[in-house]
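Below: one structure, written as structure tokens.
The values are calculated or read from the model by the stated rules, or taken from the named source; none is laboratory data. It should be emphasised that the depicted structure is a prediction, and the values quoted were computed from it without experimental measurement. Just the protein is used for accessible areas: all its heavy atoms, side chains included, with ligands, DNA and RNA removed. Shrake-Rupley method; radii C 1.70, N 1.55, O 1.52, S 1.80 Å.
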Amino acid sequence: MEKVQRLRARGSLCRQQAAYNSMNKWKLLAEAEYWDHLTDLELSSYFQQRH
């Protein structure tokens, strides 16, 4: 679950940067979506291993 926390933190950081960087806003938001996707995959894998 530590990996999930790190992935979520990266997504959050991208969103924070997007709020202050209008020139790269959409790129940073897309990167945040990427980290969210990786988080979802990691959580799915974690719960599949437990069952």
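Against the criterion of solvent-accessible heavy-atom surface with a 1.4 angstrom probe, GLU33, GLU42 sort, most first, into GLU33, GLU42.
Relative to the longest principal axis of the Cα atoms of the chain, the long axis of helix 2-20 makes an angle of roughly 10 degrees.
Where a ≥ b ≥ c are the square roots of the eigenvalues of the C-alpha gyration tensor, would you call the chain rounded, which needs a/c under 1.5, or, failing that, prolate if a/b is larger than b/c, or oblate?
Because a/c hits 1.5 or more and a/b exceeds b/c, the chain counts as prolate.
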